[in-house]
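Engineer: One structure follows; several queries about it will come next.
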Amino acid sequence: MTDNRLPEAAATAAAGAALGGAFGSLFGVAVPAALIAGANGAVSGWRAIYDWGSSRGVGAFALDSTWALATTSAGLVSHALGALRGDAGYVEPLSRRRNRHVYTRGFQPRRGFAITLGNVIAGAGDLSRPRRAKLVTDHEDVHVWQARAFGPAYPVLYVGWMVGGGVAGALVWLLARRDQPFGRVVESCAYYMNPFEWWAYSRDDHWPPSGMVDRLGWKRPLVRSFASFR
């Protein structure tokens, strides 16, 4: 197994570093970009996550090494923090040739909630439960591709909405929804109503989510669920 992994890890690291360096040179950060893309290539190549036989897999690698480098670097941090806590619970069946890394535990700031940083999904939980497995494939994987599509704008837009939504939620609670717990109203506005979450929950056929305050927020799914295509 090790012998088979080494060539792919080395080749993916070298290709990633080359792509990252070329992209970073456009902005005067060739060396840091090459190091980040090379490190991602080494880890991802060792674990064989990219589906080289499809345009989707090749595109995932190219985006992770260039346009989405900001979130790719966040993914590397997630790997590192997950390793510090011991057995992060890497899930090879949901990672190998799936263009993502999946951990049952790993870096998990909020108990019970999965978190996606770049191409790394952590906190997936008990994947023997169909709901948790579907959370990975139909919700968190959407975030992986959102990060690739929006690149450096993704964390700015996501966090920006959370901050603005939090302020709006506080005002909504103060002016109109004091019948609900303050934290739940703020969370509904800052997290659940975030367009990136609305998109992912809609794909997951889970809109509105159970944590959302009734009669607050978007009434309909943003897009069709993946289940409706199957």
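The values are calculated or read from the model by the stated rules, or taken from the named source; none is laboratory data. Here the structure is a predicted model, which is why all the values come from computation and not from measurement. Cβ placement follows ideal geometry from the backbone for every residue including glycine, while neighbour counts extend to all protein chains displayed.
Engineer: Please find, among G151, G169, G106, the residue that is closer than 24 Å to W199 by Cβ, at pLDDT 95 or above and in contact with a Cys (Cβ under 8 Å, 6 or more places away or on another chain). Explain how you work it out, then say what you get.
Structural biologist: Details: G151 fails: in contact with a Cys (Cβ under 8 Å, 6 or more places away or on another chain); G106 fails: in contact with a Cys (Cβ under 8 Å, 6 or more places away or on another chain).
The unique qualifying residue is G169.
Engineer: On the given criteria, is A200 surrounded by 15 or more Cβ atoms within 10 Å (Cβ to Cβ), part of a helix (DSSP H, G or I) and without any contact (Cβ under 8 Å) to a residue 40 or more places away in the chain? Show your work before the answer.
Structural biologist: On the way: surrounded by 15 or more Cβ atoms within 10 Å (Cβ to Cβ): yes; part of a helix (DSSP H, G or I): yes; without any contact (Cβ under 8 Å) to a residue 40 or more places away in the chain: no.
Against the criterion (surrounded by 15 or more Cβ atoms within 10 Å (Cβ to Cβ), part of a helix (DSSP H, G or I) and without any contact (Cβ under 8 Å) to a residue 40 or more places away in the chain), A200 does not qualify.
Engineer: Take region 108-141 and flag every residue that is acidic (D, E) and free of Cβ contacts under 8 Å to residues at least 60 places away in the same chain.
Structural biologist: Result: D126, D141.
Engineer: Just give me the residues in region 163-176 being surrounded by fewer than 19 Cβ atoms within 10 Å (Cβ to Cβ) and in a helix (DSSP H, G or I), in sequence order.
Structural biologist: Quick first cut of region 163-176, residues surrounded by fewer than 19 Cβ atoms within 10 Å (Cβ to Cβ) only: 163-164, 166-168, 170-171, 174-176.
Listed by number, the residues that qualify are V163, G164, G166, V167, A168, A170, L171, L174, L175.
Engineer: So, of the residues in region 116-139 that are of a type in the set (G, A, S) and assigned to a loop (DSSP other than H, G, I, E, B), which turns out to be surrounded by the fewest Cβ atoms within 10 Å (Cβ to Cβ)?
Structural biologist: Of all residues in region 116-139, those of a type in the set (G, A, S) come to 118, 122-125, 128, 133.
Pick out the ones that are also assigned to a loop (DSSP other than H, G, I, E, B) and you get 118, 123-125, 128.
Numbers: G118: 27, G123: 26, A124: 23, G125: 20, S128: 7.
This residue is S128.
Engineer: List the residue pairs whose Cβ atoms are under 8 Å apart, where the first residue sits in region 175-190 and is outside the structural domain of G217 (by TED's automatic domain parsing) and closer than 18 Å to G160 by Cα, the second is in a loop (DSSP other than H, G, I, E, B) and aliphatic (A, V, I, L, M), and the two are 6 or more positions apart or on different chains.
Structural biologist: none
Engineer: Given (1) surrounded by fewer than 19 Cβ atoms within 10 Å (Cβ to Cβ); (2) modelled with pLDDT of 95 or more; (3) hydrophobic (A, V, I, L, M, F, W, C), identify the lone condition not met by F113.
Structural biologist: (2)
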